[in-house]
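Note sheet for the following structure.
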Amino acid sequence: MNKDEIDLETLDGIKLLIIGCPRDMFSLKEFEALKKYIQSGRSVFVLMNEGGESKLNTNINYLLEQFGMSVNSDSVVRTSFFKYLHPKEAFISNGIVSKDFV
């Protein structure tokens, strides 16, 4: 767990960086370090809560959008039971599948 500013020294020797529901804004310096980290072939796994950036008061989409991704404010996992008996199994009607996955 890191609560200090993210820089290339902090990320040295790390193959997978897990960012679990960031609750603060990232600085431009941190974004540059993360971008160089990703471009060097290492991986980042970003987890977010329902509500996205606005609920968590973060700006992670600034980084993700540079790689063609973003976090929405909605949720795929239902918090109430409907059609399925487990909240991690969701019924998605009219979903859009990326051509890359087909």
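The values are calculated or read from the model by the stated rules, or taken from the named source; none is laboratory data. What you are looking at is a predicted structure, and each value in this text was computed from that prediction instead of being measured. Here the Cβ positions follow ideal geometry from the backbone for every residue, glycine too, while neighbour counts run over all protein chains shown.
Observations, loosely collected:
- Complete set of residues in region 48-82 that are assigned to a loop (DSSP other than H, G, I, E, B), modelled with pLDDT of 85 or more and among the hydroxyl-bearing types (S, T, Y): T58, S70
- Of the residues F91, F45, the single one that is exposed (fewer than 13 other Cβ atoms within 10 Å of the Cβ), in contact with a strand residue (DSSP E or B) (Cβ under 9 Å, 6 or more places away or on another chain) and modelled with pLDDT of 80 or more is F45.
- A count restricted to region 9-35 and to residues that are surrounded by fewer than 13 Cβ atoms within 10 Å (Cβ to Cβ), part of a helix (DSSP H, G or I) and either among the polar types (S, T, N, Q) or touching a residue at least 24 places away in the same chain (Cβ under 8 Å) (or both) stands at 1.
- Every residue from region 48-72 that is exposed (fewer than 15 other Cβ atoms within 10 Å of the Cβ), more than 19 Å from E30 (Cα to Cα) and within 11 Å of the chain's Cα centre (by Cα): N49, N72
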